[in-house]
Amino acid sequence: MPDSRVRRSRRFLVCEPRHFAVQYAINPWMHPDTPVDIDLARGQWQALISAYEAHGHTVDTVEPAPGLPDMVFAANSAVVVGGRVFGSLFHAPERRGESVHYDTWFKAAGYEVYRPESVCEGEGDLVWTGRYMLAGTGFRTTRDAHREAQEFFGHPVISLTLVDPHFYHLDTALFVLDEENIAYFPEAFSPGSREVLARLFPDAVLATRDDALAFGLNSVSDGRHVFIAPQAEALAARLGEHGYLPVPVDLSEFHKAGGGIKCCTQEIRS
Ligand code: ARG
């Protein structure tokens with residue numbers, strides 16, 4: 001199986017962590033009293049960008065805005081499939097100001113942006129598999145937003161209920177490996193949602209709670225390389241057995257805000 005996996009070049013949108021900080025608590029990971037080492041954070045983020053570029057991916061950047069310390073989490077601001085941009089409406093008032101900056105970037109790049117009427121946090125909860133959109137709800141994105149996304153994209157949207165507050169976004173509990181398969185942590189989902197995932201992806205790579213707590217499911221795969229937190233050792237080993245090549249990138253400073261590799265990365269699918 002090794003060497004059978006095929007890499008596909010991606011276009012990513014990211015936002016430099018110039019103003020990154022933990023100033024409020026909107027998920028169980030965030031403790032505003034814990035200091036963030038901003039120089040370390042910037043170095044870690046730069047290493048992620050370098051890893052993407054070294055593996056042949058294109059990286060575009062949105063200019064960070066002061067006063068929006070979570071703006072580095074680019075995944076939350078939109079989901080783009082087939083060149084259609086479905087924007088965001090954040091749950092937390094502290095993050096609502098981010099959407100307009102990303103919308104402005106997309107418009108300048110020649111895209112039209114659809115602004116959802118219901119709370120929707122982009123690729124944090126809307127995960128494109130290549131065939132359908134897996135859609136998380138329970139903590140942030142609403143079921144109404146799932147319906148809006150289905151109407152907008154004309155692709156099937158499959159609602160999945162998240163039940164563990166540590167895994168408040170779908171992209172903390174599940175990621176897409178390639179057009180055929182995903183990896184996920186079953187206990188992050190309601191029993192019915194677990195059954196749906198088992199039916200859709202009978203050969204999925206299953207992760208442990210430790211893998212998930214290490215942000216191992218907040219990974220980005222190009223079909224061959226999996227950019228993954230080095231702390232998720234067991235999951236990386238399992239991915240290796242399935243023929244994928246783990247590329248460890250440590251974003252430990254961002255874990256303090258409840259984010260990791262995927263949170264910092266939005267994919268633009270033209
Ligand atoms: N502090 C941010 C929040 O709670 C982290 C976002 C992480 N992003 C993600 N795609 N899971 O909203």
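The values are calculated or read from the model by the stated rules, or taken from the named source; none is laboratory data. The structure displayed is predicted, hence computed values, not measured ones. Every residue, glycine as well, gets a Cβ built from its backbone with ideal geometry; the counts of neighbours run over all protein chains shown. In case anyone asks, the SASA skips ligands and DNA or RNA and just uses the protein heavy atoms, side chains included. Shrake-Rupley method; radii C 1.70, N 1.55, O 1.52, S 1.80 Å.
When the Gaussian network model of the chain links Cα atoms closer than 10 Å, the mean-square fluctuations of Val226, Val196, Val127 top out at Val196. Volume of the convex hull of the chain (Cα atoms only), normalised per residue: 108 Å³. Of the solvent-accessible surface of the range 119-244, computed with a 1.4 Å probe and all protein chains present, 52% belongs to carbon and sulfur. Heavy atoms of the protein chains alone define the surface here; on that basis the range 186-270 has 36 Å² accessible area per residue at 1.4 Å probe size.
Taking amide hydrogens as placed 1.01 Å from N in the peptide plane, the amide H of Glu180 sits under 5 Å from that of no residue at least 5 positions away in sequence or on another chain. Of all chymotrypsin sites (Phe, Trp or Tyr not before Pro) in the range 167-270, which ones are in loop regions per DSSP and have a Cβ with at most 16 other Cβ atoms within 10 Å? Passing both the DSSP loop test and the Cβ count: no residue. Using a probe radius of 1.4 angstrom, the carbon and sulfur fraction of the accessible surface of the range 16-96 is 51%.
Solvent exposure of the range 1-113, expressed per residue, is 47 Å² of accessible area, with all protein chains present and a 1.4 angstrom probe. The simple Förster model, with R0 at 35 Å and r as the Cβ-Cβ distance, assigns Ala25 and Ala47 a FRET efficiency of 0.85. Scanning residues 5 or more positions from His225 or on other chains, those with amide H under 5 Å from its amide H are Leu245, with H placed 1.01 Å from N in the peptide plane.
Applying both filters, DSSP loop and at most 15 other Cβ atoms within 10 Å, to the GluC sites (Glu not before Pro) of the range 91-135 gives Glu112, Glu117. Helices assigned as whole DSSP H runs in the chain whose Cα atoms extend at least 20 Å along their own long axis and whose mean Kyte-Doolittle hydropathy is 0.0 or higher are found at 38-54. Taking every DSSP helix (H) stretch of at least 4 residues in the chain, weighting each as -39,500 (n - 2.57) and dividing the sum by the residue count yields a mean residue ellipticity at 222 nm of -7000 deg cm²/dmol.
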